[in-house]
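Here's the structure we're looking at; comments come further down.
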Amino acid sequence: MIQDTIFEKSESDAWFLRNEKAIINRHANNDIIYRMICGNINKEKITSILDLGCSNGFRLNFFKSLPNIKKLVGVDLSEKAIEDGKARYGLELYKDSISDFEYNYKFDLVIVNFVFHWVSREFITKAIYNTDRYVSGGGALVIGDFYSPTPCKRFYHHLPDEKVYTYKTDYPAIFKSFGTYKKLSNLYYDTDNVNNTDRETIDKGNLCLCELLQKTLDENYVEVN
Ligand SMILES: C[S@@+](CC[C@H](N)C(=O)[O-])C[C@H]1O[C@@H](n2cnc3c(N)ncnc32)[C@H](O)[C@@H]1O
């Protein structure tokens, strides 16, 4: 079975149930993604946000108070998380996969935090395409995930009877390689201690990267004759 199907059938809900308490007790001021966005983008310019792999939409809920926000949309494979978020926060949430989600809109800001490492390598380019196409020209994309400068995979210990892996690589670099995104800000940190941001001292198994990109389309392409 393809691992996205395994995640859809059981592990997405299981992840939500394991983490539900911590998720609903999170505060915006302690959230790396929220802080990175608010520290680097003019909040008044953000009118729409899409969170791909949003769990119950707790992070979208942090952004409800932005002065000009009109659209907050979230997508996740976990039915339990989506149902929880709709009831708890009254958000527009969809149970769907990052690779298949269809929505006719381009967003000022797209967030993908700790999702790409779960996606089957069979569908990773589809997931990347389906992230890029929802970011408006000039808009922002935040990617958070485990970081490795070269691709590596780790056996997923929560499912010992299945052949499931998590995949680490430099996900922001994939988007920058097209020449259509530029880095606005980034932060390396330790998954076990988010206050440790000294890349050199972090165990490589724990190293995470959160990067804020701006979609520049062809702005940075050098014109030649
Ligand atoms: C590690 S959690 C991160 C949740 C949230 N983004 C955060 O920052 O806490 C990964 C989330 O991605 C969801 N997910 C995994 N694979 C997915 C896929 N292919 N499409 C959509 N969501 C997916 C899971 O259900 C889970 O809620």
task: Mind giving me the nanometre distance, one decimal, between the label points for N25 and D132, set 7 Å out from Cα along Cα→Cβ?
output: 4.1
field: Residues whose placed amide H lies under 5 Å from that of F114, excluding near-sequence neighbours
entry: G144, D145
query: Per-residue HN-Hα couplings for region 41-51, Karplus 6.51 cos²θ - 1.76 cosθ + 1.60 at θ = phi - 60°, whole Hz, x for Gly and Pro?
result: 10, 5, 4, 5, 8, 8, 10, 8, 9, 10, 10
Efficiency of FRET from Cβ geometry, T201 and Y105, R₀ 30 Å, rounded to 0.05: 0.10
- prompt: Which one of L109, L207, L52 has the biggest mean-square fluctuation once the chain is modelled by GNM with Cα springs under 10 Å?
  reply: L207
- prompt: Which distance in nm do the two modelled labels at N42 and L159 give, with both placed 7 Å along the Cα-to-Cβ direction?
  reply: 4.5
query: Comparing D51, D108, D170, which has the greatest mean-square fluctuation in the GNM of the chain with Cα pairs linked when under 10 Å apart?
result: D170
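If each residue of separation counts as 0.36 nm, what is the full-extension length gain between S177 and M1 once their alpha-carbon separation is subtracted? Can you show the working numbers first?
Values: separation 176, 0.36 × 176 = 63.36 nm, distance 3.14 nm.
Result: 60.2 nm gained on full extension.
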message: Taking amide H atoms as placed 1.01 Å from N in the peptide plane, list the residues 5 or more away in sequence, or in a different chain, whose amide H sits under 5 Å from that of L77.
response: D96
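Mind scanning K45/K86; K9/K153; K45/K106; K43/K126; K43/K71; K70/K106 and naming the pairs with a C-alpha gap bigger than 18 Å? Can you show the working numbers first?
Numbers: K45/K86 26 Å; K9/K153 22 Å; K45/K106 14 Å; K43/K126 30 Å; K43/K71 14 Å; K70/K106 13 Å.
Long pairs (Cα-Cα over 18 Å): K45/K86; K9/K153; K43/K126.
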- prompt: Which of the GluC sites (Glu not before Pro) found in region 72-112 are in a DSSP loop and have at most 13 neighbouring Cβ atoms, other than their own, within 10 Å?
  reply: E102
message: List the residues, sorted by chain then number, that are 5 or more residues from G139 or on another chain and whose placed amide H is less than 5 Å from its amide H.
response: K215
- prompt: If you build a Gaussian network model of the chain, linking Cα atoms that sit under 10 Å apart, which residue out of T166, T180, T150 swings the most?
  reply: T150
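Readers should treat all values here as calculations from the given coordinates under stated rules, not as data from a laboratory. Keep in mind the model is a prediction, meaning the values are calculated, not measured. FYI the Cβ positions are ideal-geometry reconstructions off the backbone, even for glycines, and counts take in every protein chain you see.
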